[in-house]
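The values are calculated or read from the model by the stated rules, or taken from the named source; none is laboratory data. Quantities reported herein were computed from a predicted structural model and do not represent experimental measurements. Note: ideal-geometry Cβ built from the backbone for every residue, glycine included; neighbour counts use all protein chains shown.
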Amino acid sequence: MQYRFTSYCLCRLLYTGIWGDTGLSDFAWFSAHGQAFDLFLYHKRNVIILAACLVLVFGAGMLIRGDFRACPKKLCSLFLPFGIYVCFAVVSSVASPHRAYAWSGMMEQYESIFVIMGYFLICVYAYMACSKQLFIAFGIFCSVIGGIGTLQLLGMDIYRTKLVQRLIMPEKLRNIAFDITAEAGRSYCSLSNPNYVGVFCCLTIPVLVVLCIHAKSRRGKRLYSIAFVLMFASLLGARSKSGIVVLAVCMVLMAVLFRAKIAEKIHLRQKTLNGVILLTAVILCAVSCVLVYRWGELWSYDDHADTRISKIVTREDCVEVVYRGIPLFFRIDENGTTLGTALCITDENGQAYETMQEEGALHFTEKRLSAVTATLAQYGDYVALELWDGSFYWYFTNQTAGGAWRYLTHYGKPDKLDSPAILVCEWLEGKERIANGRGYIWSRTLPILKETVFLGSGQDSFAVVFPNNDYLGKARWGYKDMIITKPHCMYLQIAVQSGLVSLLMLFVFWGRFVFRVFLGKAQGTHAALLTAVAVGITGYLLMGVTNDASIGVAPVFWLLLGMGLRLEQECME
């Protein structure tokens, strides 16, 4: 009975959603009530912090009892780059004007500074306590996650059932509808987004394959086989293009690293096997490009903007808009008695455009401006200029303190709009649609790095340092009225929030492990498992180019990395 009650409490802690304050209500680009609902990530943050506290206690106990004996100098040198990264993350957060988000975490992320310190403790403890039992727990965990994803692939999403929603939703929120990122029939497991399923699979599947092959007991083989099948099914169900491509790369890499053992097993000459592996790699790459990316997506992108407006500036006395290269200046004449006399539209020389009034709006007689209409309308608490550009409605008002013109956001808040002032990376300008629209986010994120060389903006502060007030840029490239909370690149995420130096330290930490395994000659019973862990780590790092670090996947990454470091020590000595 006690076990069942504990399991119930753990499930509630892991998966219960929360409706809480985001701390963003003061920003014009966010809702005034400042609240958001989170189903998958908020309590994972709490579990990671709790787990970090537990491993700190257990790790201290191991050291006191003498269960783990290692040279302190060697241990410090091994984890020094990781420790430096954590220190930079802490200092950046303390020095940041946005430090409040570092303590609690940002919505859709919740990777607070305490979570970062938790990763460090989990990695160190995994190094100290690496054992067969940890890998068994890893297999069970993958089976559970893969099972949830496979059910979602089959159209049986447990999170959409009334029974589970009753369990995971707080009582006061059970009547509130919530949206799940993935459509029905697409796997997202409990990771909030199908993209993270691809990251998780690239990290775990190589390890599961080797564990299945080298398991000594039938029970172990069954466990790892089931976990592998379920995780692979989840990857297919997630429809993660990058996940499928990177996993194919990881499998080819494993074939290269294990080619000697494969040749010995199937009694094939080494040169013949090398040719087979090369041919397989070419075929996999071709199939991945043709079937997954449809080939053309690799080399081309749609540079057509969703609106033909290229510039908007809200000035003290007017609104300047450039449409198809034509400048338009909008002013209001308080003495005007009709729409045509109250709303003045001129060019840069003050010459009025010819307009005609139809259906309560002004239409331009000039052919190039035929899609544009303008009128006065009530928008929230303001009388506003309503501008239709053929794709979107834009609202502006001068009913502000001092009478200056301001753009009215999706939430009805006035905000200054100066689109030329938004910094854009030159070599990505006009290419904002590359990588499924990530080009827009990267083009506005890269200029931020000039200010985060040593110290970053603070943990989980990306949403507030990213130009979410780039209303025109968002509208042009498919993000209108959306809030950008992450850069869709783990390396940009780290560089912005904790600094470029901290990112360099992580590259040293990761690279030292991966290259030592790939270039060294691991020996012993765990050599194959060590290689598989290194391949999984490589898959995760490759996926990090187009995906963020997520607290649903990152703890498993740091756990495997810690165990890999211990296996490396045993196999290389």
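Note on the stretch 209-252: residues that are surrounded by fewer than 20 Cβ atoms within 10 Å (Cβ to Cβ) and over 25 Å from the mean Cα position of the chain (by Cα) amount to 15.
Candidates Gly146, Gly105: the one that is within 21 Å of Val556 (Cα to Cα), in contact with a Cys (Cβ under 8 Å, 6 or more places away or on another chain) and surrounded by 17 or more Cβ atoms within 10 Å (Cβ to Cβ) is Gly146.
Take Gly564 and decide whether it is assigned to a helix (DSSP H, G or I) and either surrounded by fewer than 23 Cβ atoms within 10 Å (Cβ to Cβ) or more than 19 Å from the chain's Cα centre (by Cα) (or both). In short, yes. For the stretch 387-395, the criterion of being surrounded by fewer than 16 Cβ atoms within 10 Å (Cβ to Cβ) and of a type in the set (A, V, I, L, M) is satisfied by no residue at all.
If you go through the stretch 520-561 and keep only what is in contact with an Asp or Glu (Cβ under 7 Å, 6 or more places away or on another chain) and not in a helix (DSSP H, G or I), you end up with Gly524, His526, Ala549, Ile551. Summed over the stretch 113-138, residues that are crowded, with 18+ Cβ neighbours inside 10 Å, of a type in the set (Gly, Ala, Ser) and modelled with pLDDT under 95 total 2. Looking only at the stretch 434-457, count every residue that is over 17 Å from the mean Cα position of the chain (by Cα) and either of a type outside the set (Asp, Glu) or buried (at least 19 other Cβ atoms within 10 Å of the Cβ) (or both) and tell me the total. Summing the residues that are over 17 Å from the mean Cα position of the chain (by Cα) and either of a type outside the set (Asp, Glu) or buried (at least 19 other Cβ atoms within 10 Å of the Cβ) (or both) in the stretch 434-457 gives 10.
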